[in-house]
Structures are given as C-alpha cells and as structure tokens.
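Comments concern the structure below.
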Amino acid sequence: MTKILNVAPQDTALPKVRVDMVPLLLVPVLALLMLPLVGSFPTWVTLTVAGLAMGMMVFMMASGLTLIFGLMDVLNFGHGAFVSVGAFTATMVLLPMRSWVEADSVWMNLSVVGMAILLAMVVTGLLGWAFERIIIRPVYGLHLKQILITMGGMIVAEQLIHVIWGAEQIPLPLPTTFRGAFIIGDAALEKYRLIAVVVGLIVFVSMFLVLNRTKVGLLIRAGVENGEMVEALGYRIRTLFVGVFMAGSALAGLGGVMWGLYKETLTATIGAEITVLVFIVIIIGGLGSVGGCFIGAMLVALAANYAGFLAPKVALVSDILLMVTVLLWRPQGLYPVAKR
Amino acid sequence: MSEPLLKLKGVHTHIGQYHILQGVDLDVPRTGITVLLGRNGAGKTTTLRTILGLWHASKGIVRYDGKDITQSPTPDIASAGIAYVPESMGIFSDLTVRENLFLAARSVKSVGEMDEKRLEWIFGFFGALKKFWNQPAGTLSGGQKQMVAIARAIVEPRKLLLIDEPTKGLAPAIIQGMIAAFSELKETQPILLVEQNFSFVSALGDTVAVMDGGRIVHSGSMAELAEDTDLQHQLLGLSLDAHQ
Amino acid sequence: MIIKTLLSGDLPRSRILSAMLLAVLIGLILAPFVFPGARSLNVAATICVFVVLVASYDLLLGYTGVVSFAHTMFYGIGAYGVGLALNGMGPSWWAVFVGTSGALALSLVLALVIGLFSLRVKAIFYAMITLAVASAFAVLASQLSDFTGGEDGRTFRVPEMLQPGFRLLDTEILGRAIDGKLITYYLVFFSALALFLFMLRIVNSPFGRVLQAIRENDFRAEALGYRTVIYRTLANCLGALIATLAGVLMALWLRYVGPKTMLSFEVMTDILLIVVIGGMGTVYGAVIGSALFILAQNYLQVMMGKASVAMSGIPFLANLFHPDRWLLWLGVLFVLSVYFFPTGIVGRLRARALTRERP
C-alpha cells in the first residue's frame, strides 16, 4: 500500500507535550516555604500531615462533584447531602457493632470501619442514582433551576436525616487502635490522619488509573471535552453520566464517613458546612478537572493548617484568599478544562 | 438500482426558532461518494446532524438501510453503522491519537486489542498518525487532527461515512493527499461528503446534490455537473453571489 | 389612578392576588391594634423586613436570572452597621445615620467587587463565589468577637423615641399605648412600604426591562448593545443596598445583632424558599411568600406539633410531623414549585386570571 499522505517530514521533532507543571509544584513549594516560618521542624511535619489528611478527605468529597460538572455541566449544590448521608449511614454499622469498634484489635477495627464505608458508599451511590433521576434529569441545561432544585434537594435531605436519625448530635468515636499518634523524633503524627492520607491516595490513584487506563475512564474524559462526539461514536452518554453521578455520590459518602470519624460527632449539617470548602477546591482546581481538584484540596487544607498555626485570624479566610489569588493568576482555575 | 442506503424524504428541521431544513429529499446510494454542495447556511451541516440524530427532524422521514431512524437517539444511529466526521473534527484533545481511535473502535475492550492490520491500512493513508500515535491529539496540527477525525471514522468497517467539510482550512498539499485517500476509501464504503470546494469534489464525487435555502435544488451525477459549466454557473455561481 | 401610579403601572392583574395583597397590607397596617401581643407584632415586623429583603433578592434572581448566596451578607452588613454604631456611639439618631451610611458604603463596594469579579462568568460560578464569600463573612462576624460580639452578637439601645419605655401620647388609642415599640413598628412598616414601591418602580422602568431582556437571552441583549455585565452589576448593587436597608430595619426592630439571625445560611435558604414559592420575577411574590412563610414559621409549627403528638404511637410519622420538621415540607414544596410552577404563587394566580379573561 502506498503512503499517500505523509505531511510531517521524517525529521521533524514530535510536538512538545505541554504538561503544565507549575500547579504540580505549588503544593511542595507552599510546604517548603512554610518551613522557615513555622520554625520548628516537628511542628511543621505535624501541620503538614494534618493538612494533607484534611486535603485528602476534601478531595474525596470534591472529586465526584467536579467530574459530574465536567461531564454534564451540572453543578450539584446538594452534593453535601451525600456527605451527611454517608456519615450517618456509617453509624448504622459503627454503633451496633460498638464492641468491634472498641476492641483493641487493628483487624476488627479496620473491618468494622471497612463495612461502614462499604454500606455508606452503597447507600449514597443508590441515593445518587435516585437524585439524578428525580431531581436533576428534568433540569438538564437549565443552570438556574439546577442550582435552586439541588439546594432544595439538600434542604429536604438534611431534614430527612433528622427524621430518620433524630435531631440530636450523634457521637461517632474513633476505633481504639486508630486513636493516638506515632511519635517520630519530636513530631507527633496522629494515626487517623495517616489513615486518611492512605485512603485518599488509594482513591486518587484508582481514579487516575480508571480515567487513564480503562475504556470507561477514557470515555468520561472524552465526554468532559465533547459529549456530542462521544454519542456520535455510538456510546450513550446518559448511561455514562448516571454511572459517574453514582460514583461521585458514593465518593462523597466515603468522604463523609472519613470526615465524620475525624470530627467524632455528627450533625445533619456536616455536609453543608463542608460544601463551601468543596466548592472553593473545585474552583481553584478548574471546574471539571480531577487533577486540579486534588491539588486544590491539598493547597486549601495545607494553607488552612499553616495559617491556623501562624496567624489564627487569617485562617478564618485563608481559603477565600487562596481562591482569589489563584483566580487572579488563572481565572479558570489551575487546570482549565477544554470545553466543546 | 436497489433501494438507496439512506433516504431523506421531506425532512424539516428546526433549531430553536430557526427553520433550517425546509423539506430535504436526498438519496445516498450504496456505493461511491455522494457530494452535498451549497453555500454557507444552505443547511448542509444541519442535514448531516439530522441524519445522525444530533438534531431531530420536526417533519419528514430519514430511512437508513430500510429502517426509519428519524427519531432514534444518536448512539443507536451510530451503532447501526454510520460514522461521522464533524466540521469541528470533534477531536478529544486530552486523549492520545491512539486513545481517540480506541474509543472509536466500539467492539474493542482494551487499547491493545485494536486490529493491527486495519491500523496499518489506515497508516497507509495517514502516515503521520503512526508517528504521533502516543501524542495528545490536541498537540497536532489542523491537518493532522483532520486525519485523526477521519481515521476514527474508519477504524472499524462502517456502512456509511458522513464527512463535513474535510478540506476546510487545510493546505493544498494536504487536500491533494486527501483526494487520494477518499478515492481508495470509496471502494470499500459509501461516503456522504459535504463540501464547498468544488474543485476538490468534482474529481471525487459520483453523485451530487446541491442545497440552497434548506432544500435540495439539484441532484444528479457528478460527471454531468462537472461537464455542464452552464449548470455549474447557475447553481454554484449563484451561490457565490449570495455568498458575497 | 393614584394606585396605578404608586404601583408603577404593574398591577396585581388577578383578583385573588389583589385580595391577598390587600389583606397583607391591611393586616400589617392594623397589626399593633388588631393582633395584640409582643409575638404577633414581632411576626408583623419580620414580615415587613422580609418583604423588602426577598424583593431585593428577586431583583437579582427573578429579574436578571443570577443566583447569589451573598444576600444575607448585605443584610448582615446593614444590621451590624447600625447595631455596632449604636452600641459604640450610644443611642442617637446620628449613630443610626452613621451606621446606615457606613453599611451602605461597604455593601456597595463589596457588591461592585463581587459583581465585576464574577458576573462576567457563568451563573454557576457566580453562585459558588458568592457562597464562598458570604460564608467567610459569616465566619469573620462570629469570630472577631471583640468587634462584633462573636456568636452572642450585640444588644444595643436605640434612640429614645424608639425605646419601649417612650410614650408619644399619654392616652391610649384603641386600647393600645402609643409607645416606642409602636413607633418603631411603623418606622419599619413605612420604610418597607416605600422600599417596596421603589423596587416596583425599578423593575417597571426601562432599566428593569433591560434586566429582563438579559435574563431571557444573554446574547441577544449583548447584541442589542446593552453591556450585560454593567447592568448585572448595577442590579447586584441595587439589590445589595436594599438588602442592607432591610438589615438596618431588622436591627432597629430587634435591638440586637448576631450571626445566627442575620448572617446564617438558614436565612439565605429562607429567602430562596420564599422567593421561589412566592413567585420569581414578580416582586409581589415577595409579599405573598414572606407573609405565608413567616406565618407558617410561627404558627404552622404549633399545628404540626399537635399532629405529631397525635401520631406519637408511630415513630417515623411522628418524626415526620415534628414541629422542627416544618422545613422538610417547605423544602418539598420548594422543589415541586421549581418544577411545576416556576413563577410561584403569584405567577400561578396571574396565569389563572389570564385564562379566565380569554376563555
């Protein structure tokens, strides 16, 4: 067969793959800059780990939201409801199985928390499916109504939590072996924070692998950029979207369990309270970008922790300041997502 | 002659408040290249999009391979064997060339399982793709992106290709190459090609239809039209005037 | 004729709606005399303030199609402005003036900054940014306790004329002492009425028509030569200023400012619920919505309490009708109204009147 068309002469270099490195560097740079300001190395280690742990938990909650937005241009203002429901669902395992939680055995603790997480993710995933069908499907493409209706959904969900689990705060004690800290040198590393970091990394790596190595993942990424073309290639983007919505909701549920255990008490507004932070994170990351969301989560959480130590008053508004700074630099967020 | 592969009968399409297609009758035979000519805004792209169900006809019938697909959803129409190369090319710029083709290969489950022989056949037309195989498609030049878009449409055998203005904005050298590619392609599958560039399609087309104002105003064989300069002038010269 | 001028030619256009509006108006005018008791007067004053607050939000949501979550922030700025001024400078009209103008200036600057910063982008983006800014503001107000009184807020004394102990007349009228509380109520009422009529005028002015054009079709309005960003920012500022004034009125009435009553997200969701249920883009919706909502908030709970007690045998149902769960039912109503009658009660009534006229 003849080579009919060969535009590029053989000796031209491959086009440079422009990997945008700068945002990747922000997290280590921020951490290193803060080291001299914090002064003491052990304190810095503790703060950094605390920041990373919080960042990981926020990432779990935010990643689904940003993906849902990227794929279908739907912003779920009620995403926080899934966080709350996830946390409350976990109590249905953790409270009856109190003996496993209180047992001084890593395996019993891990398995009971694992079961709680599993149940929470299944429940929030199914709830996500229902939410998509009932609340969101009728308002595709209508941003104003989307915002209103998902807000309404959140109000109703919060109230239903009161109805089902009662209006009082529920204490959610950490399992015995998750308490306390490892002391390395002079730095104290709380065990639960390390667990949160590990879980967060697992989530991030699996998302990364799914999005880069599987057909479904590639379709999701393709759909974020051009959903119409994905349909023209013969795939039902609606099915894809329902799947992503369920997965995103389940991740919010996972984040809710982790966050609830971190705070050790549950209120129905636990999700609504974190929603603002989640929004800031996905704005910083660039709406629709999972990688940007990860970096954004780390930045926001680290900044909050350092500021909390260095200048507690500034910590109150550190997220906003960070967001404004990033948006002045890149108005579309760290990783703007190419759109149609 | 057997029943045409694709038949549009009295198709009307509205986009919002605009009435774009106003009764299109179009036959696409089972072999060769059918060219859809016409000035900007004549409704060529809308015709392609209506066939594919990206916009649905408000009136009339689209029959494909004996079935009524007028109101079918796009994925079903695509799965029935119609491939589409949009004017914007619809490249997934974040994904590599290889991943772009992989997604177009519906029956393949993983990147490694793509039909090597078929790929080599495609590289025969578009050598550059082999070279940029693992590059993000967004980093390619316009002409190379067009190659990705066409390669995507033929990565698996399909029954019909819809191609929207493939020469738009491309250098003449690339267009020459594309003519060669299409003349080989049309031996294996029918193509419905939308164009404004008459010199490009006059050498390539077998049948031709000319659109104006949302209707087909002329249809016949390309050879006839290519010879009849008066008719050309009447159909296309007129549209040139309107274009200015 | 006078009525038509007062209402800027935007008549209720529905007999039922007119009757309801008239009932609310008369009820509010006569409230101190007809519904004695501190609680009912409080309900009436709250309705007045919320009419203004919600209508000013409607300027944004209903007339420009922009969802802002920062409206409580402006409301809070007004309340805190006058509250902190009275607290710091003592109970004088001068302090009220200083507090109010300071608050208005701050609101204007903030609204301008937020507007120019984020109104050029998508509605969703604006909603998120305002949510973030408003929540940061609420956190600041509750944490900077030296200045704002923190979570507890601040109580303060109002100018003498508005204090409950003040007597304008020695005699009682219709069995009601003409005291400072009554004067404050009418101050709130007439200010609210004036602001309401002002907003009615705005939305029916050429400016208001442009806003509606923008809501209907961004691109077309841009093509017509209206700089949509400028108009949106103007609407944003106007809404913010009026919300600030509503905050001032509320602070004067309560003689207290605190983050829970002024800045919390619950107030924001209340506003959203009212404006949607009442009717977006109608201004009158604010009146009907606020009246119904605040009456429900204060009296529906009592009824639900009774229902809950009646069902106390059935655990889940009893919870469902627990007085604190009234928001659940409003939330459901809210979702349903967004779907089925996005123009709310007012839009519904008007549509009904229209179909009657043209059978």
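Conditions (1) touching a residue at least 24 places away in the same chain (Cβ under 8 Å); (2) open to solvent by 30 Å² or more (accessible area, probe 1.4 Å); (3) aliphatic (A, V, I, L, M); (4) more than 13 Å from chain A (Cβ to nearest Cβ), marked per residue:
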{"position": "C:264", "(1), (2), (3), (4)": "yes, no, no, no"}
{"position": "C:282", "(1), (2), (3), (4)": "yes, no, no, yes"}
{"position": "C:305", "(1), (2), (3), (4)": "no, no, no, yes"}
{"position": "C:308", "(1), (2), (3), (4)": "no, no, no, no"}
{"position": "C:356", "(1), (2), (3), (4)": "no, yes, no, yes"}
Between C:131, C:112, C:108, which is out of contact with any Ser or Thr (no Cβ under 7 Å at 6 or more places or on another chain) and more than 14 Å from chain A (Cβ to nearest Cβ)? C:108
Among (1) in contact (Cβ under 8 Å) with a residue 24 or more places away in the chain; (2) open to solvent by 40 Å² or more (accessible area, probe 1.4 Å); (3) within 14 Å of another protein chain (Cβ to nearest Cβ), there is one condition residue A:154 misses while meeting the rest; what is its number? (2)
For the stretch C:15-33, state whether one or more residues are touching a helix residue (DSSP H, G or I) at 6+ places or on another chain (Cβ under 8 Å) and either under 22 Å from residue C:266 (Cβ atoms) or among the aromatic types (Phe, Trp, Tyr) (or both). no
Inside the stretch C:95-119, the number of residues satisfying the requirement of being of a type in the set (A, V, I, L, M, F, W, C) and open to solvent by 20 Å² or more (accessible area, probe 1.4 Å) is 12
So in the stretch A:15-52, with the set limited to residues that are within 14 Å of chain B (Cβ to nearest Cβ) and open to solvent by 90 Å² or more (accessible area, probe 1.4 Å), which one is modelled with the highest pLDDT? A:19
Any residue in the stretch C:1-25 that's surrounded by 16 or more Cβ atoms within 10 Å (Cβ to Cβ): show its pairings with residues that are in a loop (DSSP other than H, G, I, E, B) at Cβ separation under 8 Å, as long as the two are six or more apart or on different chains. C:8/C:204; C:8/C:205; C:21/C:12
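Scan the stretch A:158-165 and tell me whether some residue there is among the acidic types (Asp, Glu) and surrounded by fewer than 22 Cβ atoms within 10 Å (Cβ to Cβ). Outline the logic, then answer.
Taking the stretch A:158-165 first, the residues among the acidic types (Asp, Glu) are A:158.
Imposing the further condition that a residue be surrounded by fewer than 22 Cβ atoms within 10 Å (Cβ to Cβ) reduces the set to none.
Looking through the stretch A:158-165, none of the residues is among the acidic types (Asp, Glu) and surrounded by fewer than 22 Cβ atoms within 10 Å (Cβ to Cβ).
Within the stretch B:77-98, how many residues turn out to be charged (D, E, K, R) and more than 8 Å from chain A (Cβ to nearest Cβ)?
2
Residue check: is residue B:208 more than 13 Å from residue B:34 (Cα to Cα), more than 14 Å from chain A (Cβ to nearest Cβ), assigned to a strand (DSSP E or B) and among the hydrophobic types (A, V, I, L, M, F, W, C)?
Details: more than 13 Å from residue B:34 (Cα to Cα): no; more than 14 Å from chain A (Cβ to nearest Cβ): yes; assigned to a strand (DSSP E or B): yes; among the hydrophobic types (A, V, I, L, M, F, W, C): yes.
No, not satisfied.
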Go through (1) surrounded by 23 or more Cβ atoms within 10 Å (Cβ to Cβ); (2) in a helix (DSSP H, G or I); (3) more than 14 Å from the chain's Cα centre (by Cα); (4) assigned by TED's automatic domain parsing to the domain that holds residue B:191 and name the single condition residue B:62 misses. (2)
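In the stretch A:163-221, which residues are under 30 Å from residue C:329 (Cβ atoms) and either more than 14 Å from every other protein chain (Cβ to nearest Cβ) or assigned to a helix (DSSP H, G or I) (or both)? Break it down into steps so the answer makes sense when it comes.
Residues of the stretch A:163-221 under 30 Å from residue C:329 (Cβ atoms): A:163-172.
Those that are under 30 Å from residue C:329 (Cβ atoms) and either more than 14 Å from every other protein chain (Cβ to nearest Cβ) or assigned to a helix (DSSP H, G or I) (or both): A:163, A:164, A:165, A:169, A:170, A:171, A:172.
Would you call residue C:123 on the phi < 0 side of the Ramachandran plot, open to solvent by 20 Å² or more (accessible area, probe 1.4 Å) and small (Gly, Ala, Ser)? Before you say what the answer is, go through the steps one by one.
Working: on the phi < 0 side of the Ramachandran plot: yes; open to solvent by 20 Å² or more (accessible area, probe 1.4 Å): yes; small (Gly, Ala, Ser): yes.
Judged against the criteria, residue C:123 is a match.
Select from the stretch A:183-228 the residues that are of a type in the set (Lys, Arg) and touching a residue at least 12 places away in the same chain (Cβ under 8 Å) and write down the one among them that is surrounded by the fewest Cβ atoms within 10 Å (Cβ to Cβ). So that I can check it myself, show each step before the final result.
Here is the first cut: in the stretch A:183-228, the residues of a type in the set (Lys, Arg) are A:191, A:193, A:213, A:215, A:221.
Restricting the remaining residues to those that are touching a residue at least 12 places away in the same chain (Cβ under 8 Å) gives A:191, A:193.
On the way: A:191: 15, A:193: 21.
Checked the stretch A:183-228; the qualifying residue surrounded by the fewest Cβ atoms within 10 Å (Cβ to Cβ) is A:191.
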Filter result for the condition that a residue is without any contact (Cβ under 8 Å) to a residue 12 or more places away in the chain and either among the polar types (S, T, N, Q) or under 19 Å from residue C:100 (Cα atoms) (or both), over C:137, C:196, C:190: C:190
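Can you tell me which residues in the stretch B:1-36 are in a strand (DSSP E or B), open to solvent by less than 70 Å² (accessible area, probe 1.4 Å) and in contact with a Leu (Cβ under 7 Å, 6 or more places away or on another chain)?
Within the stretch B:1-36, the first condition is being in a strand (DSSP E or B), and the residues that meet it are B:6-15, B:18-28, B:33-36.
With open to solvent by less than 70 Å² (accessible area, probe 1.4 Å) added as a condition, the list becomes B:6-8, B:10-13, B:15, B:20-24, B:26, B:28, B:33-36.
Hits for the stretch B:1-36 are B:6, B:8, B:11, B:12, B:13, B:24, B:26, B:28, B:33, B:34, B:35, B:36.
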Could you tell me which numbered condition residue A:246 fails, if it satisfies all but one of (1) modelled with pLDDT of 95 or more; (2) open to solvent by less than 10 Å² (accessible area, probe 1.4 Å)? (2)
Restricting attention to the stretch B:163-178, and to residues there that are more than 9 Å from chain A (Cβ to nearest Cβ) and of a type in the set (A, V, I, L, M), which single residue is surrounded by the most Cβ atoms within 10 Å (Cβ to Cβ)? B:163
Can you name the condition, by its number, that residue A:167 falls short on among (1) modelled with pLDDT under 90; (2) within 25 Å of the chain's Cα centre (by Cα); (3) under 30 Å from residue C:267 (Cα atoms)? (2)
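Any residue at all in the stretch B:110-120 that is within 9 Å of another protein chain (Cβ to nearest Cβ) and surrounded by fewer than 15 Cβ atoms within 10 Å (Cβ to Cβ)? Show your work before the answer.
Taking the stretch B:110-120 as the starting set, the residues that turn out to be within 9 Å of another protein chain (Cβ to nearest Cβ) are B:110-111, B:120.
Still in the list and also surrounded by fewer than 15 Cβ atoms within 10 Å (Cβ to Cβ): B:110, B:120.
The answer is yes, given that some residue of the stretch B:110-120 is within 9 Å of another protein chain (Cβ to nearest Cβ) and surrounded by fewer than 15 Cβ atoms within 10 Å (Cβ to Cβ).
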Any residue in the stretch B:122-148 that is farther than 20 Å from residue B:180 by Cα and more than 8 Å from chain A (Cβ to nearest Cβ) sitting within a Cβ distance under 6 Å of a residue that is part of a loop (DSSP other than H, G, I, E, B) and open to solvent by 10 Å² or more (accessible area, probe 1.4 Å)? List the pairs, counting only those 6 or more apart or interchain. B:137/B:91; B:137/B:93
Is there a residue being within 14 Å of chain A (Cβ to nearest Cβ), of a type outside the set (Asp, Glu) and without any contact (Cβ under 8 Å) to a residue 40 or more places away in the chain anywhere in the stretch C:343-351? no
Return only the number of the condition from (1) assigned to a helix (DSSP H, G or I); (2) facing chain A (nearest Cβ under 8 Å); (3) over 16 Å from residue B:191 (Cβ atoms); (4) in contact (Cβ under 8 Å) with a residue 40 or more places away in the chain that residue B:101 does not satisfy. (2)
Qualifying residue in the stretch A:121-142 (condition: within 21 Å of residue A:247 (Cα to Cα), more than 22 Å from the chain's Cα centre (by Cα) and among the hydroxyl-bearing types (Ser, Thr, Tyr)): yes
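In this structure, does residue B:100 turn out to be open to solvent by 20 Å² or more (accessible area, probe 1.4 Å) and not assigned by TED's automatic domain parsing to the domain that holds residue B:196?
Values: open to solvent by 20 Å² or more (accessible area, probe 1.4 Å): no; not assigned by TED's automatic domain parsing to the domain that holds residue B:196: yes.
The answer is no for residue B:100.
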Working only within the stretch C:238-257, note down all residues that are crowded, with 24+ Cβ neighbours inside 10 Å and not in a helix (DSSP H, G or I). C:257
The lone exception for residue A:122 - which of (1) within 14 Å of chain C (Cβ to nearest Cβ); (2) part of a helix (DSSP H, G or I); (3) open to solvent by 40 Å² or more (accessible area, probe 1.4 Å) it fails: (1)
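The values are calculated or read from the model by the stated rules, or taken from the named source; none is laboratory data. Just so it is clear, the model here is predicted, and its values are computed rather than measured. Because the Cβ atoms are built from the backbone with ideal geometry, glycine has one as well, and the counts that use them run over all protein chains shown. Just so you know, the surface numbers come from the protein's heavy atoms only, side chains and all, with ligands and any DNA or RNA stripped out. Shrake-Rupley method; radii C 1.70, N 1.55, O 1.52, S 1.80 Å.
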